[in-house]
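S.K.: I'd like to ask you about the structure that follows.
The values are calculated or read from the model by the stated rules, or taken from the named source; none is laboratory data. Quick caveat, the model's predicted, so the values are computed rather than measured. Ideal geometry is used to build each Cβ from the backbone, glycine not excepted, and the neighbour counts take in all protein chains shown. What goes into the accessible areas is simple: the full protein's heavy atoms, side chains included, and nothing from ligands, DNA or RNA. Shrake-Rupley method; radii C 1.70, N 1.55, O 1.52, S 1.80 Å.
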Amino acid sequence: MDVVDVIIIAGKAIFVFALLLILTLFVIWAERKILAHMQSRIGPNRAGPFGILQSIADGVKLFMKEDIRPVTADKFVYPIAPIISAIPAFLAFSVVPFGVTISIAGHKTYLQLADLNVGLLFFLAMGSVSVYGIALAAWSSGSKYPLFGAVRSSAQMIRYAIAMGLSVIPVALYSGTLSTRGIVEAQRNGWFIIVLLPSFVIFLLAGIAETNRAPFDLPEAETELVAGYHTEYSGVKFALFFLAEYIHVVTISSLAVTLFWGGWNGPRFAVARFIWPTIWYVLKTAVFVFFFFWLRASLPRLRYDQLMNVGWKFLIPIAMIWIPLSAAARVIEARRWIFVVIGAVIAVFVLSLFVPGKTDSEQILEKQKAHDRA
């Protein structure tokens, strides 16, 4: 490794950091604008064309706001908890490949910050570490509502992190590697979503729960916990929590594309062939980010017992059953379409768990009406 390699690595680190900051600003603006259209509102339209500078204005406002610290807050842990929450969000994105190999000053390098041979495990580890920032923030605030939110977040993280970890095992079996770049290259002849549909559905649901997004946003339920774990935070400290959440949304979307949608794989055209893989990666990731917005606009927040039941009673057992089935499909060459059909049935069953059913009071009311008619 020479000086040029060091400069390239440092440049990629700065580029990824700046890219995540810019993407966060754009994703926040896009969410507000898209939700406004879905709800027959106008959305941001004052700061800049189409209100695109509204996120920058909000960021400047948060940096200028007074930093208020509760009297009961821990003096050491309270200020560093938002940093502990934000750092894993940045690090998790470092293993995401968003393009092919390019040449810089005669040195070939990947469009990826770090191509680890255990990149998939590194991503799972960073997702698990991020909950420490939430737990420490709530405990150090010295308030009961943040503490309730932290307890919810910790329990939610345990259940859905297990489901997510189990869902990626079939991906490792099919690709033969834990490197995210190797997983993308293993999908040149076919995306894993076709043969691993249950794993994809479980991974996506677990990812939504890990990001604390609707309808799984129980740790910050404003109707019950004021604002959840970050109730006592303001100014730039609150901005770090906000930043970590949206970076995690982009990272989960990117990993879903990497593991199941073929990553950067797609048709290349004669003009600027080297840039098309990155374009396909961006377009695929945008689909998943939009899906996060769509869920927030469409579904109400689940009850906490419903959230826990889905994780423990359904996602984890189904993921454990699907592992040997996917391994058998990998080994048995004949009639592999049977396993694809079985996977599709399992995926439909998992999605049916979120179809709203009749409440207990509605069932009692129907029984009373039937009794009155009799």
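S.K.: Check the stretch 34-44 and report whether any residue there is over 30 Å from Ile80 (Cα atoms), in contact (Cβ under 8 Å) with a residue 40 or more places away in the chain, open to solvent by 70 Å² or more (accessible area, probe 1.4 Å) and in contact with a helix residue (DSSP H, G or I) (Cβ under 6 Å, 6 or more places away or on another chain).
M.R.: Scanning the stretch 34-44, I find at least one residue that is over 30 Å from Ile80 (Cα atoms), in contact (Cβ under 8 Å) with a residue 40 or more places away in the chain, open to solvent by 70 Å² or more (accessible area, probe 1.4 Å) and in contact with a helix residue (DSSP H, G or I) (Cβ under 6 Å, 6 or more places away or on another chain), so the answer is yes.
S.K.: To continue, here is another question. Give all pairs with beta carbons closer than 8 Å in which a residue from the stretch 307-334 that is closer than 14 Å to Leu351 by Cα meets a residue that is surrounded by 17 or more Cβ atoms within 10 Å (Cβ to Cβ) and among the hydroxyl-bearing types (Ser, Thr, Tyr); count only pairs at least 6 apart in sequence or on separate chains.
M.R.: Filtered contacts from the stretch 307-334: Gly311/Tyr160; Leu315/Tyr160; Ala319/Ser167; Ala319/Ser199.
Conditions tested, residue by residue: (1) of a type in the set (Ser, Thr, Tyr); (2) surrounded by fewer than 16 Cβ atoms within 10 Å (Cβ to Cβ); (3) modelled with pLDDT of 85 or more.
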{"residue": "Ile84", "(1), (2), (3)": "no, no, yes"}
{"residue": "Ala105", "(1), (2), (3)": "no, yes, no"}
{"residue": "Asp115", "(1), (2), (3)": "no, yes, yes"}
{"residue": "Leu121", "(1), (2), (3)": "no, yes, yes"}
{"residue": "Tyr145", "(1), (2), (3)": "yes, no, no"}
{"residue": "Ile158", "(1), (2), (3)": "no, yes, no"}
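S.K.: Still on this structure: Would you pick out the residues in the stretch 131-186 that are basic (Lys, Arg) and over 17 Å from Val118 (Cβ atoms)?
M.R.: Result: Lys144, Arg152, Arg159.
S.K.: Continuing with this model, one more query. Between residues in the stretch 154-183 that are more than 17 Å from Ala327 (Cα to Cα) and without any contact (Cβ under 8 Å) to a residue 60 or more places away in the chain and residues that are of a type in the set (D, E, K, R) and not in a helix (DSSP H, G or I), which pairs lie under 7 Å by C-beta distance while being six or more apart or on different chains?
M.R.: none
S.K.: Looking only at the stretch 258-274, count every residue that is touching a residue at least 60 places away in the same chain (Cβ under 8 Å) and surrounded by fewer than 17 Cβ atoms within 10 Å (Cβ to Cβ) and tell me the total.
M.R.: 1
S.K.: Quick check, is Phe50 surrounded by 12 or more Cβ atoms within 10 Å (Cβ to Cβ) and either hydrophobic (A, V, I, L, M, F, W, C) or free of Cβ contacts under 8 Å to residues at least 60 places away in the same chain (or both)?
M.R.: yes
S.K.: Looking at the stretch 183-217, which of the residues that are open to solvent by 20 Å² or more (accessible area, probe 1.4 Å) and among the β-branched types (Val, Ile, Thr) is modelled with the highest pLDDT?
M.R.: Filtering first and then ranking leaves Ile193.
S.K.: Let me ask you something else. Within the stretch 309-344, work out how many residues are open to solvent by 50 Å² or more (accessible area, probe 1.4 Å) and either at pLDDT 80 or above or in contact with a Phe, Trp or Tyr (Cβ under 7 Å, 6 or more places away or on another chain) (or both).
M.R.: Matching residues across the stretch 309-344 total 9.
S.K.: Right, something else. Go through (1) open to solvent by 80 Å² or more (accessible area, probe 1.4 Å); (2) modelled with pLDDT under 85; (3) not in a loop (DSSP other than H, G, I, E, B) and name the single condition Ala347 misses.
M.R.: Result: Ala347 passes all but (1).
S.K.: Consider Phe216 carefully, then state whether it is part of a loop (DSSP other than H, G, I, E, B) and in contact with a Lys or Arg (Cβ under 9 Å, 6 or more places away or on another chain).
M.R.: So Phe216 passes the test.
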